1. Would you pick out the residues in the range 140-154 that are buried (at least 20 other Cβ atoms within 10 Å of the Cβ) and without any contact (Cβ under 8 Å) to a residue 24 or more places away in the chain?
2. Mind checking whether some residue in the range 61-75 is crowded, with 20+ Cβ neighbours inside 10 Å and either in contact with a Ser or Thr (Cβ under 6 Å, 6 or more places away or on another chain) or at pLDDT below 95 (or both)?
3. So in the range 33-60, with the set limited to residues that are buried (at least 18 other Cβ atoms within 10 Å of the Cβ) and of a type in the set (S, T, N, Q), which one is nearest to L115 (Cα to Cα)?
4. Kindly indicate which of K179, K235, K211 is exposed (fewer than 15 other Cβ atoms within 10 Å of the Cβ), closer than 24 Å to K31 by Cα and charged (D, E, K, R).
5. Any residue in the range 95-104 that is surrounded by fewer than 22 Cβ atoms within 10 Å (Cβ to Cβ) and closer than 16 Å to I35 by Cα?
6. Is the range 124-146 home to any residue that is part of a loop (DSSP other than H, G, I, E, B) and in contact with a His (Cβ under 9 Å, 6 or more places away or on another chain)?
7. For residues that are out of contact with any helix residue (DSSP H, G or I) (no Cβ under 6 Å at 6 or more places or on another chain) and hydroxyl-bearing (S, T, Y), scanning just the range 174-213, find the one that is nearest to D127 (Cα to Cα).
8. Kindly indicate which of K185, K138 is in the same structural domain as K223 (by TED's automatic domain parsing), charged (D, E, K, R), under 20 Å from Y93 (Cα atoms) and modelled with pLDDT of 95 or more.
Amino acid sequence: MFEKTEGIVIRTLDYKETHKIVTLFTKRFGKIGVIAQGVKKPRSRNGAIIQMFIQGDYLLRVGKGLGTLQQGDVIHSFRKVREDLFKTAYASYVTELTYRVIEERVTLPYIYDQLLLTLTAIEQDKDPAIIAMMYEMKLYPLIGIKPLLEHCLACGTTSNLTYFSVGDGGTLCTSCGIKDAYSLKLNEQVIKLLRIFSEVDLKRVENISVKEENKQLLNQVLKAYFEHHSGIFLKSRRFLDQIDSLK
């Protein structure tokens, strides 16, 4: 059966001599793998529509296993992202994260829109680290690891939340946090930002200015939290860390 859908290229893999297996995150079908036949040939008409991060309209032959890419049209190329090393690093991170977290053929229109907004914001020179963290936290509920950020996990108070327990998955007040040897000392501004990142739609984001020290704390918390609770280790995370060290 032939189906048309809007989608974003989130992964490509060489297959045989001239083909590629392309993973699309689509509005209609969620994550779906398709074979793009002959796209490595110099004159392939589909070669331009299966580059990483491209948003396009795709005509697919959909079956029980891998589908087949028939043709497509580019909606947005995100060429400026692919041409910039730092932007590519963050775009690679959010697309690999998407590939690893979401299941095959589960329709997730909200997450699709958030990914598109994330790539657009990265292309438009908004802080890619902040944008990537906001998108990442939108994925946590899909794998059951959304942190509790409204009160202290130990005593229930909503005041003086200045610690984060990676193991227990949420905030601690100052009194309880100092008793937990494995909690991370933050500050109330970072806790507030974690709530914003978790709940605020990316389409509402203009420019978020975050102090460098707070950005580093946010990165430290989310990296430790995601790896501890998801058990997922991303190749693009290592690349991103290397790129950030060059700044």
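1. L153 - this is the single residue of the range 140-154 that is buried (at least 20 other Cβ atoms within 10 Å of the Cβ) and without any contact (Cβ under 8 Å) to a residue 24 or more places away in the chain.
2. For the range 61-75, residues crowded, with 20+ Cβ neighbours inside 10 Å and either in contact with a Ser or Thr (Cβ under 6 Å, 6 or more places away or on another chain) or at pLDDT below 95 (or both): present.
3. Among those residues, the one meeting the criterion is Q55.
4. K235
5. Yes, there is a match, as at least one residue in the range 95-104 is surrounded by fewer than 22 Cβ atoms within 10 Å (Cβ to Cβ) and closer than 16 Å to I35 by Cα.
6. yes
7. Restricting to residues being out of contact with any helix residue (DSSP H, G or I) (no Cβ under 6 Å at 6 or more places or on another chain) and hydroxyl-bearing (S, T, Y), the top hit is S209.
8. After applying the criteria, what remains is K138.
The values are calculated or read from the model by the stated rules, or taken from the named source; none is laboratory data. Being a predicted model, the structure only gives us computed values, none of them experimental. Every residue, glycine among them, receives a Cβ derived from its backbone with ideal geometry; neighbour counts consider all protein chains shown.
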